[in-house]
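The structure appears right after this line, and notes come after that.
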Amino acid sequence: MHMKEKILYISDRPSMGADMLVKTLGDTFEVLPARSGDEVKHLPGIVLVNLAGLENAGKVKALKGAKVFLLGSQNEIASSEIKDAEGIVKPFNAAEVKEKLSALSANAGEVQRTLLLVDDDAVMIRTLREGLSTSYKVLPANSGANALKILARAKPDLILLDYEMPEMNGPQVLEELRKNPQTAEIPVMFLTAKTDTESIAKIEALKPQGHMLKTLPLREIKGIIQGFFDGK
């Protein structure tokens, strides 16, 4: 199931234009409402701030690691003490705002994540690398042996591991990872073309962090990966 990207919407009082814009964005994003004085425990990559009646700009200024957009009139944006932000001037064009945020959403919170992509299929490697590199740093490996060499010098946040490979298959790679204290805790998701019950049961018996079909659309693969990181 594809999970929606999250955005934080900070608003201290109802505002017809800003609220309608955010309601429209809810078709594409999961909108997390908050007031300016709230403590934010899990900050998504994008924050929208309704300047109308904003009570605690200092708390908003203290938010680090997110792309902040200010919603308001030209004067409200110009006079705001929140300087490290981009203004979205009313009247708001919902389609344009949605397009802008869609382009940023994947990159905003995940750009520092590193994936190790292990697959002996060059086409699969190229396709996933191109698709995932917009959101993550992707380290490709075309065999289990090469994956272990990479892991000797790098520690990715997640390994996408082909279940069936020649010479050293996915389960054998996972076994080597778990024997090494330096790699034992790195999460692994298997990539597989198998859909039958017996094959899936064998995969799940190895207790990876998850598995996904190679035939899934890229957006669904990205959704599964995003869901994994969101759940950590």
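The values are calculated or read from the model by the stated rules, or taken from the named source; none is laboratory data. Keep in mind the model is a prediction, meaning the values are calculated, not measured. A quick note on method: Cβ atoms are made from the backbone with ideal geometry, for glycine too, and the neighbour counts reach across all protein chains shown.
Would you be able to tell me the number of residues in segment 5-24 that are over 24 Å from residue 83 (Cβ atoms) and crowded, with 20+ Cβ neighbours inside 10 Å?
Qualifying residue count for the region: 1.
Scan segment 153-163 for residues that are surrounded by fewer than 16 Cβ atoms within 10 Å (Cβ to Cβ) and charged (D, E, K, R) and jot them down.
153, 155
Would you please name the residue that is farthest from residue 95 (Cα to Cα), looking only at residues in segment 25-37 that are of a type in the set (Gly, Ala, Ser) and surrounded by 15 or more Cβ atoms within 10 Å (Cβ to Cβ)?
Filtering segment 25-37 for residues that are of a type in the set (Gly, Ala, Ser) and surrounded by 15 or more Cβ atoms within 10 Å (Cβ to Cβ), the one farthest from residue 95 (Cα to Cα) comes out as 36.
Could you list, in sequence order, the residues of segment 5-24 that are in contact with a strand residue (DSSP E or B) (Cβ under 6 Å, 6 or more places away or on another chain) and either among the aliphatic types (A, V, I, L, M) or assigned to a helix (DSSP H, G or I) (or both)?
Of everything in segment 5-24, those that are in contact with a strand residue (DSSP E or B) (Cβ under 6 Å, 6 or more places away or on another chain) and either among the aliphatic types (A, V, I, L, M) or assigned to a helix (DSSP H, G or I) (or both) turn out to be 7, 8, 10, 18, 22.
Looking at segment 70-85, which of its residues are under 30 Å from residue 225 (Cα atoms) and modelled with pLDDT of 90 or more?
70
Show the residue pairs meeting these rules: Cβ distance below 7 Å; 6+ apart or different chains; first residue within segment 149-166 and within 16 Å of residue 113 (Cβ to Cβ); second residue in a helix (DSSP H, G or I).
158/225; 158/228
Examine segment 38-50 for a residue that is surrounded by fewer than 17 Cβ atoms within 10 Å (Cβ to Cβ), at pLDDT 90 or above and under 17 Å from residue 19 (Cα atoms), and state whether such a residue exists.
no
Looking only at segment 55-74, decide whether some residue is touching a Leu at 6+ places or on another chain (Cβ under 7 Å), surrounded by 12 or more Cβ atoms within 10 Å (Cβ to Cβ) and β-branched (Val, Ile, Thr).
no
Would you be able to tell me the number of residues in segment 178-232 that are more than 24 Å from residue 41 (Cα to Cα), within 25 Å of the chain's Cα centre (by Cα), β-branched (Val, Ile, Thr) and in a helix (DSSP H, G or I)?
Qualifying residue count for the region: 2.
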